[in-house]
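Working notes, beginning with the structure itself.
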Amino acid sequence: MIARYTRPAMGKIWSDENKYRCWLTVEAAASQALAKFGLVPQDAADTIRDKGNFTVARIDEIEAEVRHDVIAFTTTVAEHINNPEHSRWLHYGLTSTDVVDTAQALQLKEASAIIHTGIVALLDVLKRRAVEFKHTPIIGRTHGVHAEPSTFGLKLLLWYAEVQRNLVRFDTAAEDLRVGKLSGAVGTFGHLKPEHEEAICAALDLKPVAIATQVVQRDLHAAYVAMLAVLASTLDKIATEVRHLQRTEVREAEEFFSEKQKGSSAMPHKRNPIVSEQISGLARVVRSNAQTAFENVALWHERDISHSSAERVILPDSTILIDYLLAKTTNLIDKLLVYPARMLKNLESTGGLIFSGQLLLDLAESGMSREDAYRLVQGHAMNSWKNDLIFRDEVAKVPEITARLSPEKLARAFDYNRQLANVDAIFERVLAKS
């Protein structure tokens with residue numbers, strides 16, 4: 001991923017230096033565990049642990065000749081050990097993917113910890129701002145058209161609940177990937193035993209995968225990247241709503257705009273939702289990576305390498321982008337400029353048309369058939385809409401309505417607080433699960 005979208009901590013996890021450091025961690029843990037079983041001399045295991053090292057430049061130099069990254073790595077580590085009697089026990093009983101897949105699990109564990117923290121931070125901000133605007137009325141829109149009253153707090157609470165679900169799903173996918181594999185070239189433990197794998201994985205804080213071929217099966221990775229794609233879609237959903245709310249015709253909320261910020265090279269008045277648009281754009285990249293992860297599930301027989309080249313791209317890029325998008329979305333919501341007066345003005349802009357449903361129910365309750373009530377209310381609603389009239393005032397002139405609804409009952413039909421009476425109950429139901 002380009003530096004523009006890479007935060008330092010996450011970027012470091014996917015650096016070549018850290019990748020090879022994880023490989024070395026696996027090699028050292030394997031040597032120590034096998035020494036306890038008497039398969040590797042303890043002094044050799046200690047030397048591998050204490051003197052084993054590498055430089056990325058030297059690995060690259062050797063790989064250019066041998067065209068095999070793990071062989072280049074073990075050759076470099078052996079050079080640092082500088083003791084043939086000890087270095088010959090390096091990589092004992094292992095195949096390349098034993099090291100690569102297990103080390104990748106360590107990288108993903110590190111990445112997942114950062115992502116988990118990012119999701120929790122977003123939850124905290126969403127919850128705080130949802131409570132802040134719990135009873136701030138806003139028009140609810142369906143199909144982009146005014147529907148019935150809602151509150152801005154409920155909009156934020158909806159996102160909060162969705163991100164909560166994403167946290168549970170993400171943690172499950174991350175835990176499923178916290179597995180190591182050291183069962184050999186086709187997964188049969190041809191050179192080591194299951195108890196050896198268990199000991200090595202325990203030292204690395206990993207679980208041994210129940211069964212593998214030469215590789216950990218890629219349905220686990222597909223589920224993980226797919227979960228990142230779902231999370232990206234939620235962030236896209238939030239950003240898309242902010243973009244709509246910031247439209248000039250709506251202007252109910254907008255991104256924070258600093259004093260020195262400029263929105264356009266040609267139009268000084270512009271305040272564009274650039275962060276939200278960036279979130280929406282980059283979410284597409286994460287979603288597209290999920291398709292590649294799905295393609296990686298089907299491999300030839302016990303293993304081919306069609307998945308590995310793609311994973312060198314999609315795993316770093318997806319985790320790096322999600323880390324970036326979480327931080328951007330959290331800051332977006334934290335600093336979001338909210339305009340309650342504009343929300344109320346927009347809510348009232350149709351002259352009460354949005355209360356047609358409540359008026360329909362009140363007339364039905366008064367004894368009018370639903371069909372007659374619907375026909376009556378819709379006729380006056382369409383007339384008010386077409387001729388730009390105040391619907392509230394127009395229905396107050398209709399004898400069929402005033403004969404059934406007193407002025408007090410008619411006024412109550414147009415009271416948005418009536419329709420928002422259960423906001424607290426919704427908050428209690430959602431926050432009780434947090």
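The values are calculated or read from the model by the stated rules, or taken from the named source; none is laboratory data. Just so it is clear, the structure is predicted and the values come from calculations on it, not from any experiment. Note that we place each Cβ from the backbone using ideal geometry, even for glycine, and neighbour counts take in every protein chain shown. For accessibility, only protein heavy atoms count, side chains too; no ligands or nucleic acids. Shrake-Rupley method; radii C 1.70, N 1.55, O 1.52, S 1.80 Å.
Odds and ends about this structure:
- Distance between the stretch 1-67 and the stretch 350-413 - C-alpha centres, whole angstrom: 74 Å
- The fraction of accessible area contributed by carbon and sulfur in the chain is 53 percent, rounded to a whole number (1.4 Å probe; ligands and nucleic acids excluded).
- Shown are 388, 219, whose ranking by accessible area with a 1.4 Å probe and every protein chain present, most to least, is 388, 219.
- Long-range Cα-Cα pairs in the chain (distance over 42 Å), rounded percent: 38 percent
- Excluding ligands, DNA and RNA, the accessible surface per residue across the chain is 49 Å² with a 1.4 Å probe.
- Helix 16-36 and the longest principal axis of the C-alpha atoms of the chain enclose an angle of approximately 60°.
- Largest-first ordering by accessible area, 1.4 Å probe, given options 330, 319, 75: 75, 330, 319
- When the Cα positions of 364, 349, 338 are compared along the charge dipole of the stretch 318-434, 338 comes out farthest toward the positive end, with charges on each C-beta of Lys, Arg, Asp and Glu.
- Here the translational diffusion coefficient of the stretch 1-87 follows from Stokes-Einstein with Rh set to the Kirkwood radius across Cα pairs; for 4 °C and 1.567 mPa s it amounts to 92 µm²/s.
- Rounded to the nearest 10 Å², the accessible area of residue 333 at probe 1.4 Å: 0 Å²
- Excluding same-chain neighbours fewer than eight residues apart, the aspartates and glutamates reachable from residue 270 by a Cα-Cα span under 18 Å are 249, 252, 254, 255, 259.
- Solvent exposure ordering (accessible area, 1.4 Å, most first) of 385, 159: 385, 159
- Span from the the stretch 96-116 Cα centroid across to the the stretch 120-198 one, whole angstrom: 20 Å
- Net charge contributed by nearby residues that have their C-beta within less than 12 Å of residue 56 (K/R +1, D/E -1): -3
- For residue 352, the shell of other residues with beta-carbons less than 10 Å away shows a net charge of -2, using +1 for Lys and Arg and -1 for Asp and Glu.
- Proximal lysines relative to residue 397, as straight alpha-carbon distance under 26 Å, when same-chain residues fewer than 8 apart are discounted: 345, 386, 409
- Members of 262/335; 109/134; 127/181; 109/335; 328/433 lying beyond 29 Å, as alpha-carbon distances in this model show: 109/134; 127/181; 109/335
- Over the chain, DSSP H runs of length four or greater, each weighted -39,500 (n - 2.57), average out per residue to a 222 nm ellipticity of -21000 deg cm²/dmol.
- Neighbourhood net charge (15 Å Cβ-Cβ; Lys/Arg +1, Asp/Glu -1) for residue 31: -3
- The dipole here belongs to the stretch 328-403: it is taken about the Cα centre, uses +1 on the Cβ of Lys and Arg and -1 on the Cβ of Asp and Glu, and is about 480 debye.
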